[in-house]
Amino acid sequence: MRKSFKQLLICTSLTVLALGGCTQKDPEAAGNPSAASSVQMMELNKDLVPLKAEDDYRSAYEIFVYSFADSDHDGIGDLQGVISKLDYIEDLGFSEIWLMPVCPSPTYHKYDVTDYKAIDPEYGTMDDFDQLISECKKRNIEVIVDLVLNHTSTSHEWFTQAHEYLKELPDDWGASADYCPYFDYYNFTRDAGDGYSPLADTNWYYEARFWSEMPDLNLDSEKVRSEFSDIMKFWLDHGVHGFRLDAVTSYYTGNNERNIEFLDWLVHEGKRIDPSCYFVAEGWTDRKTFAMYYQSGIDSMFDFSFANNDGVIAQVVKGYDAKAYGESQVREQELFSSYSENYINAPFYTNHDMARSAGYYPDDDGSKVKTAMAMNLFMSGNAFVYYGEELGMKGSGRDENKRAPMYWSSDPEAQGMCSGPIDMEEVTMIYPSYEESKDDPLSIYNYVKQALKIRNSFPSISHGNVEVAYDLCHDRICAYTKEYENEKVLIVWNLGGAKADTDLSSMAEFNTLKAVLNTNEEKITLDGNTLSMPAWSVAVIGME
Ligand code: CA
């Protein structure tokens, strides 16, 4: 049965009027080519040719299946729903999908798995998954899945069998994995301790750092490692490109060295099974610490230092020194490469654990939300975008609110719309739905699509290193070059609310506007050596 819509997803008409250029004031103008042509990026970027992604420097889209698209009207998103939106994802310019957990689980978020080799019935079947992979392959979209191996659900058979064994064990007997192999899968002890929960009907405790229903696995166990080797093979055989690793800093809580050792084993095991297997890990900690995890040989670590309301991107958008956006990238290039010369950064701006970015900037007319999205998408590596951010969706406070239904339409009964997690509060959207923004050349949606088009058309943006062009940086202007193979571009950002001129004479070889991003109808011009940029705009300049 479809759940009732307790949660109202509304874009109030007052907000629409207040936002001016970010919304459609006149629906008649929506599909009007003259409206589109008045926005410079629609014309100037028209002839760019996005290249086919052939390595792991991709543009990735994070999907929470539960809230993305519902195909069978039960209110819960599902794999067939994702399949029905692959054209949308491809059209935006993404070449990879990260599916948050799809395995059976008692919770809505599914980060506590009960069976690592199946699809949760709420989402569909393995056949649906195979179909999803084959539809993605047709579109050159790789799929990575969440691998949650720090802990299972207490309902996982491994845990329930160990629990049964310990319940039956007489108090004065020692426990042994010889009698129940699953005793060794978790960290059971007779001593109460920090991070441990009592095991019902026994005098035992088990390690459960996140939540009593999520027992931590014993990653020292050869049997557990062998299980995960089989699990990786299972998904790789089903055509996934690799794995997003959950909570790697919690493998051995508080012990980076042992975490890195385990990660080293895991990454090499995955690549032994399939040499092209790609790994990206969540190590939610400071830059110096997560950078160390590159020692394991992992492909990518999520770049937490640029993300969230207090990361480099949001801080610069809020007024911190504009050139810090470039300088901070230079610092991490040096740091990451000191651990692994083959590292591929994984920049992202928000994810399912963070408040959505539309709430970061009070009094924004949409320009800051847009520019921040581009700052993420113009970073080197494999850049991730959380579903709905391309529409400027809202959501903060409790986790459920950050995982609200994808805002396909302002009509909650429209095709594909999901009900959202049960404990979600009312989430009031600021910016319009996909349906209302797709034909507006100044919508957040079309801005993000242009940013992806530029990213995918200039390999130096995804593959090159940043070199700050200090001569050009001033006030709210950040400028840097990026080079890859025989392409070199100068990228100039106006990260402020006023028009600004920049003298390019010290870098006069850059003489042609190749691509632009605008947040309004004012145009960027390059007249001689003078680059004039309206508020919150971006210029990609090449050499003719
Ligand atoms: Ca469904």
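The values are calculated or read from the model by the stated rules, or taken from the named source; none is laboratory data. For clarity, every value in this text was computed on a predicted model and none was experimentally measured. Virtual Cβ from ideal backbone geometry, glycine too; neighbours counted across all protein chains shown. Calculation scope for accessible area: heavy atoms of the full protein, side chains included, ligands and nucleic acids excluded. Shrake-Rupley method; radii C 1.70, N 1.55, O 1.52, S 1.80 Å.
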How much accessible area per residue does segment 426-544 have, in Å², with a 1.4 Å probe?
-> 37
Can you figure out the FRET efficiency of ASP321 with THR525, using R₀ = 35 Å and their beta-carbon distance, to the nearest 0.05?
-> 0.85
May I ask for the Kirkwood hydrodynamic radius of segment 157-207, worked out over all distinct Cα pairs and given in angstroms to one decimal?
-> 10.9
Any chance you could run the full-extension gain for GLU222 through ALA498? It's 0.36 nm times the residue separation minus the Cα-Cα distance, nm to one decimal.
-> 93.3 nm
Heavy atoms of HIS268: accessible area, 1.4 Å probe, square angstrom to 10 = 100
Once normalised by the length of segment 388-525, the mean sequence separation of its alpha carbon contacts under 8 Å that are 6 or more apart gives a contact order in percent of 16
Treating the beta-carbon of each Lys and Arg as +1 and of each Asp and Glu as -1, no other charges, what is the dipole magnitude of segment 157-207 about its Cα centre, to the nearest 20 debye?
-> 40
Binned at 5 Å starting from 0, the alpha-carbon pair-distance distribution of segment 40-158 in whole percents comes out as 2, 11, 19, 21, 16, 13, 8, 5, 3, 2, 1, 0
Fully extended, how many nm does the chain gain between ASP230 and ASP310 (0.36 nm per residue separation, minus their Cα-Cα distance)?
-> 24.9 nm
Going by accessible area, probe 1.4 Å, with all protein chains left in place, what is the ranking of LYS271, LYS52, largest first?
-> LYS52, LYS271
Alpha carbons only, please: Rg and Dmax for segment 319-455, in angstrom.
-> 16.5, 52
Sorted by chain and then number, the residues having a modelled amide H within less than 5 Å of the amide H of LEU245, at least 5 places away or on another chain, are LEU147, VAL280, ALA281, GLU282
Counting other Cβ atoms within 10 Å, which trypsin sites (Lys or Arg not before Pro) in segment 493-544 have at most 14 and lie in a DSSP loop?
-> LYS499
For peptides 417-427, 379-389, sequence by mean Cβ density within 10 Å, most packed first = 379-389, 417-427
Treat every Asp and Glu Cβ in segment 465-542 as -1 and every Lys and Arg Cβ as +1, leave all other atoms uncharged, and give the resulting dipole magnitude about the Cα centre to the nearest 20 debye.
-> 200
Along the Cα-to-Cβ line of ASP130, 7 Å from the Cα, sits a label point; which residues in segment 216-249 have backbone N less than 15 Å from it?
-> 234-240
With a 1.4 angstrom probe the carbon and sulfur portion of accessible area for segment 241-373, in percent, totals 44
Gain in span if fully extended, THR285 to GLU157, counting 0.36 nm per residue against the direct Cα distance | 42.9 nm
In whole Å, largest first, the alpha carbons of segment 465-542 cover along the principal axes 34, 24, 21
Spelling it out for ASP303: with amide H atoms placed in the peptide plane at 1.01 Å from N, the residues 5 or more places away or on another chain with amide H under 5 Å from its amide H are ALA346, PHE348
Roughly how many percent of the accessible protein surface of segment 465-542 is carbon and sulfur, given a 1.4 Å probe and a whole-percent answer?
-> 41
Which order, highest average first, do 357-368, 163-174, 328-339 follow once you tally other Cβ atoms within 10 Å for each residue and take the mean per peptide?
-> 357-368, 328-339, 163-174
Considering only LEU132, THR202, CYS180, whose Cα is most displaced toward the positive end of the charge dipole of the chain, charges sitting on Cβ of Lys, Arg (+1) and Asp, Glu (-1)?
-> LEU132
Per the helix-only calculation at 222 nm, which mean residue ellipticity applies to the chain, given -39500 (n - 2.57) for every DSSP H run of n ≥ 4 and division by its residues, nearest 500 deg cm²/dmol?
-> -8000 deg cm²/dmol
Separation of segment 507-544 and segment 354-401 by C-alpha centroid, Å?
-> 24
From zero up to wherever the largest Cα-Cα distance of segment 195-266 sits, split into 5 Å bins and tell me the percent of pairs in each.
-> 3, 14, 19, 22, 19, 13, 7, 3, 1
Segment 157-207 - percent of accessible surface contributed by carbon and sulfur, probe 1.4 Å | 43
Output ³J(HN,Hα) for segment 41-53: one whole-Hz value per residue in order, computed from phi by the Karplus curve 6.51 cos²θ - 1.76 cosθ + 1.60 with θ = phi - 60°, and x for Gly and Pro.
-> 4, 5, 7, 5, 8, 4, 8, 5, 10, x, 8, 6, 5
Rg/Rg_globular for the chain, with Rg_globular taken as 2.2 N^0.38 Å and Rg from C-alpha atoms | 1.01
For VAL330 and GLN295, what does the FRET efficiency come to when R0 = 22 Å and r is the distance between their Cβ atoms, rounded to the nearest 0.05?
-> 0.55
